1. For region A:136-173, name all the residues that are assigned to a loop (DSSP other than H, G, I, E, B) and within 18 Å of A:Glu81 (Cβ to Cβ).
2. Consider region A:24-58. How many of its residues are away from DNA strand D (no atom under 11 Å from the Cβ), closer than 19 Å to A:Ile113 by Cα and open to solvent by 90 Å² or more (accessible area, probe 1.4 Å)?
3. Restricting the first residue to region B:30-57 and requiring it to be polar (S, T, N, Q), which pairs with a second residue that is near DNA strand C (Cβ under 9 Å from one of its atoms) and not in a helix (DSSP H, G or I) meet a Cβ separation below 9 Å and a spacing of at least six or different chains?
4. List pairs: first in region A:7-20 and without any contact (Cβ under 8 Å) to a residue 12 or more places away in the chain, second more than 8 Å from DNA strand D (Cβ to nearest atom) and assigned to a helix (DSSP H, G or I), Cβ under 7 Å, 6+ apart or cross-chain?
5. Select, from A:Glu54, A:Glu29, A:Glu84, A:Glu66, the only residue that is more than 14 Å from every other protein chain (Cβ to nearest Cβ), touching a Leu at 6+ places or on another chain (Cβ under 9 Å) and not hydrophobic (A, V, I, L, M, F, W, C).
6. In region A:61-68, is there at least one residue being assigned by TED's automatic domain parsing to the domain that holds A:Trp158, within 16 Å of DNA strand D (Cβ to nearest atom) and at pLDDT 85 or above?
7. Find the residue count for region B:1-22, including only residues that are surrounded by 13 or more Cβ atoms within 10 Å (Cβ to Cβ) and among the acidic types (Asp, Glu).
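The values are calculated or read from the model by the stated rules, or taken from the named source; none is laboratory data. Note that the structure is predicted; figures quoted are calculated from it, not measured. Glycine gets a Cβ as well: all are built from the backbone with ideal geometry, and neighbour counts include every protein chain shown. All accessible areas refer to the heavy atoms of the entire protein, side chains included, with ligands and DNA or RNA removed. Shrake-Rupley method; radii C 1.70, N 1.55, O 1.52, S 1.80 Å.
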Protein chains: 2
Amino acid sequence: MTQSKTDPRVLRTRKLIMDSFIELSGKKEFKDITVKDITTEAKINRATFYYHFEDIYDLLDKVLSEVLLINLNAIDFEKSELNEASIIDIFVAITDFQKALSNRCHRGYDETIARIIREQLEIIFYGMLRKQQTEENESLKVTAVILSWGIYGASVEWRRNRNESSPEAFIKSAIPFLMSGIEHV
Amino acid sequence: MTQSKTDPRVLRTRKLIMDSFIELSGKKEFKDITVKDITTEAKINRATFYYHFEDIYDLLDKVLSEVLLINLNAIDFEKSELNEASIIDIFVAITDFQKALSNRCHRGYDETIARIIREQLEIIFYGMLRKQQTEENESLKVTAVILSWGIYGASVEWRRNRNESSPEAFIKSAIPFLMSGIEHV
DNA sequence: GTCCATTTGTCGTTTATGCAACACATTGAT
DNA sequence: ATCAATGTGTTGCATAAACGACAAATGGAC
């Protein structure tokens, strides 16, 4: 990703901050967590926090992205193609991620979370599409955008009818549409 | 102890180094552990190691002192007096410490370990004696020295006849001598 | 509303750590 | 014995992090 993170001091400090934030998230709601709380927990100076993050929302962004990435990295994208199985895996990972979040009291930040999920999905879909299509044209990007919004939207709808069906069954019903579309990019 | 350790960076780095050293001690013998190993494990720069420690022997010193101190701190010296019970506690802590060390393959450093134990004992005994005697004279220091050597020597002898008796029983037989001496300082 | 305490972002300075390079010692293989 | 490889301890410089201070913003209590 970024190449400037090679300084071990930076890696250590960021991990301290992020871990402390995750720790505190288990104890109170996001709105009650202050920058001071985090830096006290992490035993770092408050000024150092602002050296790495714009503010606490920037931190939330990056922590969520990282957690989601870890969820998604359980799926080995390097080997898997964009097919029925991988789409189902991704969908399940997203619904799991949202379930974990709602348990951790991150209410009121649905918009932020939605954006993060879509951004990550777009990156992943674009990468997978590019592996299957040798030529790199604009339609790959647009397809990735549409897929990211579509899959995210499906996860929202699935949560709305919770307990009606498993996430696997839910997304499977859209596979014919998705796959034929992907094959004709 | 030292007042300069307040900088959180110093505390973090020293902990990283010491923890890495303890971790490595579980895998190989002391003679096979290099400074490079430690700094690689701790993910700190090698030059930083020398900022905190003279060399690897200095590190060994400080790690052992700290581990022993933690063992001894289980006994609450602030409240306890220098009596039969506390002497037995201290003796047991020392024999436990030595047992733990021999399991961790620190062979060949008996002299170093002996010195560390005696130094710590001397500090502790002097502190306890000073609490009981209001006047602070030279004989307190000498008494602390003799006690530290004596108790350490007793632990050596106990280990030599291992399985003969419990450490508690072993040191108990010296209590009459020790206590009457302490009372007449 | 006002007051008071706490938090937020920012800044300048000091200090600890990272990094690359160095000469030298130690080790191990041939 | 020689040579290469690795470890040691040290140095000068670059940079991240600590610290204290500050004005401004926020949030309760009254």
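1. Hit for region A:136-173 is A:Glu136, nothing else.
2. Result for region A:24-58: 2.
3. That search, which allows pairs on different chains as well, returns B:Thr39/B:Asn45.
4. Pairs found: A:Leu11/A:Lys5.
5. Values: A:Glu54 fails: touching a Leu at 6+ places or on another chain (Cβ under 9 Å); A:Glu29 fails: touching a Leu at 6+ places or on another chain (Cβ under 9 Å); A:Glu66 fails: touching a Leu at 6+ places or on another chain (Cβ under 9 Å).
Unique residue meeting the criteria: A:Glu84.
6. yes
7. Number of matching residues: 1.
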